[in-house]
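S.K.: Supplied in structure tokens, the structure appears directly below.
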């Protein structure tokens, strides 16, 4: 059975570590990413001790990087596997959605980003506020700087 998270689009991979892969996601929230386990597991309770330690290191790196690069106020983390269970043959894979949140507007490559729902739950139907050049700029900023923040 195919799994979207086991084989992410390589052009969107920001960092692939021993246990987790950081993947660039649609930029409805500036810096939005997904963190996937590298092995196919269907439940957080199946994570090994090493995977849990590395998860903490990855989350810390992402949080510190996005605060430094773009000035996010905080991040929302979500592990929602609801959609997979709406399929006839569910094939869950542990992954975490990372949505940075911004209290103040941010100028990114000449585009002003405004987090319209700051202080509220994120909008699952939020639209992308960036052109393709700016999206590539955001991708490169995260990818090129990640290892400055990640401690193995």
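The values are calculated or read from the model by the stated rules, or taken from the named source; none is laboratory data. These numbers come from a predicted model, not from an experiment. A quick note on method: Cβ atoms are made from the backbone with ideal geometry, for glycine too, and the neighbour counts reach across all protein chains shown.
S.K.: If you check residue 31 against the conditions, is it surrounded by 15 or more Cβ atoms within 10 Å (Cβ to Cβ), closer than 18 Å to residue 93 by Cβ, in contact (Cβ under 8 Å) with a residue 24 or more places away in the chain and in contact with a helix residue (DSSP H, G or I) (Cβ under 9 Å, 6 or more places away or on another chain)?
M.R.: No, not satisfied.
S.K.: Looking only at the stretch 70-80, how many residues end up being over 15 Å from residue 122 (Cβ atoms) and under 15 Å from the mean Cα position of the chain (by Cα)? If you could, list the steps in order and put the result at the bottom.
M.R.: Filtering the stretch 70-80 down to residues over 15 Å from residue 122 (Cβ atoms) leaves 70-71.
After this cut, where a residue has to be under 15 Å from the mean Cα position of the chain (by Cα) as well, the list is 70.
Total satisfying the criteria: 1.
S.K.: Any idea which of 89, 107 is surrounded by fewer than 16 Cβ atoms within 10 Å (Cβ to Cβ) and closer than 23 Å to residue 144 by Cβ? Reasoning before the result, please.
M.R.: Values: 89 fails: closer than 23 Å to residue 144 by Cβ.
Step by step, each of 89, 107 is checked, and only 107 is surrounded by fewer than 16 Cβ atoms within 10 Å (Cβ to Cβ) and closer than 23 Å to residue 144 by Cβ.
S.K.: Further, regarding this structure: Which of the residues spanning the stretch 36-63 are under 13 Å from the mean Cα position of the chain (by Cα) and part of a helix (DSSP H, G or I)? Steps first, answer last, please.
M.R.: So the first thing to find is which residues in the stretch 36-63 are under 13 Å from the mean Cα position of the chain (by Cα), and the list is 36-37, 55, 58-63.
Once the filter is applied, which keeps residues that are under 13 Å from the mean Cα position of the chain (by Cα) and part of a helix (DSSP H, G or I), the stretch 36-63 yields 55, 58, 59, 60, 61, 62, 63.
S.K.: Let me ask something else about it. If you check residue 61 against the conditions, is it within 20 Å of residue 16 (Cα to Cα), out of contact with any strand residue (DSSP E or B) (no Cβ under 7 Å at 6 or more places or on another chain) and in contact (Cβ under 8 Å) with a residue 40 or more places away in the chain? First the steps, then the outcome.
M.R.: Values: within 20 Å of residue 16 (Cα to Cα): yes; out of contact with any strand residue (DSSP E or B) (no Cβ under 7 Å at 6 or more places or on another chain): yes; in contact (Cβ under 8 Å) with a residue 40 or more places away in the chain: yes.
Judged against the criteria, residue 61 is a match.
S.K.: For residue 18, all conditions in the list (1) modelled with pLDDT under 95; (2) over 26 Å from residue 109 (Cβ atoms); (3) exposed (fewer than 13 other Cβ atoms within 10 Å of the Cβ) hold save one; what is the number of the exception?
M.R.: (1) is the only condition that residue 18 fails.
S.K.: Given the condition in contact with a strand residue (DSSP E or B) (Cβ under 7 Å, 6 or more places away or on another chain) and modelled with pLDDT of 95 or more, answer yes or no: does some residue in the stretch 79-86 qualify?
M.R.: The answer is no, given that none of the residues of the stretch 79-86 is in contact with a strand residue (DSSP E or B) (Cβ under 7 Å, 6 or more places away or on another chain) and modelled with pLDDT of 95 or more.
S.K.: Now a separate question. Applying the selection to the stretch 64-93, what residues are in contact with a helix residue (DSSP H, G or I) (Cβ under 7 Å, 6 or more places away or on another chain), touching a residue at least 40 places away in the same chain (Cβ under 8 Å) and more than 25 Å from residue 30 (Cβ to Cβ)?
M.R.: If the condition is that a residue be in contact with a helix residue (DSSP H, G or I) (Cβ under 7 Å, 6 or more places away or on another chain), touching a residue at least 40 places away in the same chain (Cβ under 8 Å) and more than 25 Å from residue 30 (Cβ to Cβ), then 91, 92 are the ones that fit.
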